[in-house]
2 protein chains.
Amino acid sequence: MATKKISQAEENYLKAIFKINEQEGKAAGNKAISQAMETSAASVTDMLRRLAKKELINYESHKGVTLTEKGDRIATNLIRKHRLWEVFLVDKLQFAWDEVHPIAEELEHIKSDKLVTRLDEFLGHPKFDPHGDPIPDADGNFAFRQQVLLSEVEIGKKGTLVGVQEHSKPFLQYLDSLELGLGTEVEILERYSYDGSMRLRINASKEVVLSQKVNQNLYIKLTE
Amino acid sequence: MATKKISQAEENYLKAIFKINEQEGKAAGNKAISQAMETSAASVTDMLRRLAKKELINYESHKGVTLTEKGDRIATNLIRKHRLWEVFLVDKLQFAWDEVHPIAEELEHIKSDKLVTRLDEFLGHPKFDPHGDPIPDADGNFAFRQQVLLSEVEIGKKGTLVGVQEHSKPFLQYLDSLELGLGTEVEILERYSYDGSMRLRINASKEVVLSQKVNQNLYIKLTE
DNA sequence: TACAATTTTTAGACAAATCTAAAAAAAATA
DNA sequence: TATTTTTTTTAGATTTGTCTAAAAATTGTA
Ligand SMILES: [Mn+2]
Ligand SMILES: [Mn+2]
Ligand SMILES: [Mn+2]
Ligand SMILES: [Mn+2]
């Protein structure tokens, strides 16, 4: 019954399964996992068997996997650690939001509950990470925030940029070049139905035009 | 020529070899390494072959090992990271000096030069860690400090506690219970030749008696 | 429903890091 | 120097995490 040791590789799989379950709203297939982990399908089958033996996932051949309660707790805690470290890197060490992910990918595996507690405290119990993603609390509860994709917002409305759907370096750097970041105020001026692009005023001054690809990846919190 | 990837296990061996070389002032034997790493002698032989193939150590069967320049650079950088993280844990997250070692043992393996640079800056370029051990700079140079073992100090002399030889949790906790920490002022009042114990005044007030075992593990910087 | 495409599993291998038991080499000692 | 003790290496296994190629199962489509 003693909780067996969980390797870094196993932890990464659990996190990947958690995210696929969340995004697709259903059991994660071998294919999706192998893509997320950038490994072969055969490796995934091997690992799923190991995780099932440790009772971290619910697994039946050819049926896709979900996390057990134990697996869910571990995955949620990893996400908590990952996002707290990202906040540390940006807020305390002045990293840019496009450079923190790979470092947090390593830091999330440091095993010390006290470290997480103290870090959370040190950072002032942040509720969202540098990309606007919610940081689960110690019990695994994610903060909820009312938000809409920019692509869904009507003309004339105003709001604040609170999150990004995409996390890639090129995307984040493109936003930087437009001076768009979390907290930026936006007002929708126009929408071009031809290609789904939109014209906005940002921070009550400059105007920018965003392609559909971009405005489908930005989360806005509407003003009132 | 491209620097091959170095595993966490390999890094830990390099650090152990560095420390044995330093402490014993000569090539590290298989036995000493296996004790430091808490592994079998056979595992050490295996690993030494791997490290030699990667040109990180100078190794000839039955002759003991030393680090190559490459190996030395890696070991020194690990020590730098380990000690910087210990400072972070104590100074920023309020950990006690007896709890940080195992966590730093994991944190030292995070691979990002920028992270080390930024952390060092954030901490104000500390020269010594929470145990008084010198933190090598980015070029691998260790700060030097004039210090003596308490057991060598003559009666009547005064000084400041600047370092500990032993790092074990029980030892550090015992010092805490005596209210002895880095920076504590000590004055040598008496030395009992029978068992090598010493009577001291600390911080110009309380008196304590320390056994030889203790006073052979404390480094003092003499006043003047 | 039958065939084709896709997904998943199996079989067989490999590198890394470890182990135990036994053999070989070096060091200590009588 | 000869013998004993200690250290180091070898031999042979094991676990973890990965791979490729091929087989089996499932899903999609004509
Ligand atoms: Mn990770
Ligand atoms: Mn993030
Ligand atoms: Mn370590
Ligand atoms: Mn230390």
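Under 19 Å between alpha carbons, and skipping anything fewer than 8 positions from B:K157 in its own chain: which aspartates and glutamates qualify? Leaving aside aspartates and glutamates fewer than 8 places away in the same chain, those within reach of B:K157 are B:E185, B:E187, B:E190, B:E207, B:E224. Once the other residues with Cβ under 11 Å from the Cβ of A:H131 are scored (Lys, Arg +1; Asp, Glu -1), what is the net sum? Charge balance near A:H131 sits at -4. With label points set 7 Å from Cα along Cα→Cβ, the inter-copy distances at B:S193 are 10.5 nm, sorted shortest first. Residues A:E108, A:E86, arranged from fewest to most other Cβ atoms within 10 angstrom of their Cβ, appear as A:E108, A:E86. Between copies, the label points of B:K5, set 7 Å from Cα on the Cα→Cβ line, lie 2.0 nm apart, reported in increasing order to one decimal in nanometres. Fewest-first ordering of B:H62, A:H167 by other beta carbons within 10 Å of each residue's beta carbon gives B:H62, A:H167. Calculated on the Cα set of the stretch B:148-222, radius of gyration then Dmax: 10.9, 30 Å. Listed by chain and number, the lysines placed with their C-alpha closer than 20 angstrom to that of B:K31 are B:K15, B:K19, B:K63; residues fewer than eight positions away on the same chain are left out. Which pairs, out of A:K53/B:K54; A:K4/A:K92; A:K127/B:K114, put more than 31 Å between their alpha-carbon atoms? Distance filter (> 31 Å) returns A:K53/B:K54; A:K4/A:K92. Each copy carries a label point for B:R49 at 7 Å from Cα toward Cβ; from one copy, the others' points are 2.9 nm away, ordered from shortest.
When the GluC sites (Glu not before Pro) in the stretch B:1-45 are filtered for DSSP coil states and for at most 16 other beta-carbon atoms within 10 Å of their beta-carbon, the remaining sites are B:E38. Distance between the C-alpha centres of the stretch B:175-224 and the stretch B:60-117: 29 Å, rounded to the whole angstrom. For the peptides A:25-36, A:66-77, the ranking by packing is A:66-77, A:25-36, with the highest mean count of neighbouring Cβ atoms within 10 Å listed first. Legend: ranking of residues B:Y194, A:Y192, B:Y174 from fewest to most surrounding C-beta atoms inside 10 Å; resulting order B:Y194, A:Y192, B:Y174. Calculated [222 nm] ellipticity per residue, helices only, for chain B: -11500 deg cm²/dmol; basis is -39500 (n - 2.57) per DSSP H run with n ≥ 4, divided by all residues, nearest 500.
Shielding value for B:105-118 is 4, the average number of Cβ atoms from other chains within 10 Å of each residue's Cβ.
Rule-based calculations on the coordinates, nothing more; no lab input. Note that the structure is predicted; figures quoted are calculated from it, not measured. Cβ: placed from backbone, ideal geometry, glycine included. Neighbour counts: every protein chain shown.
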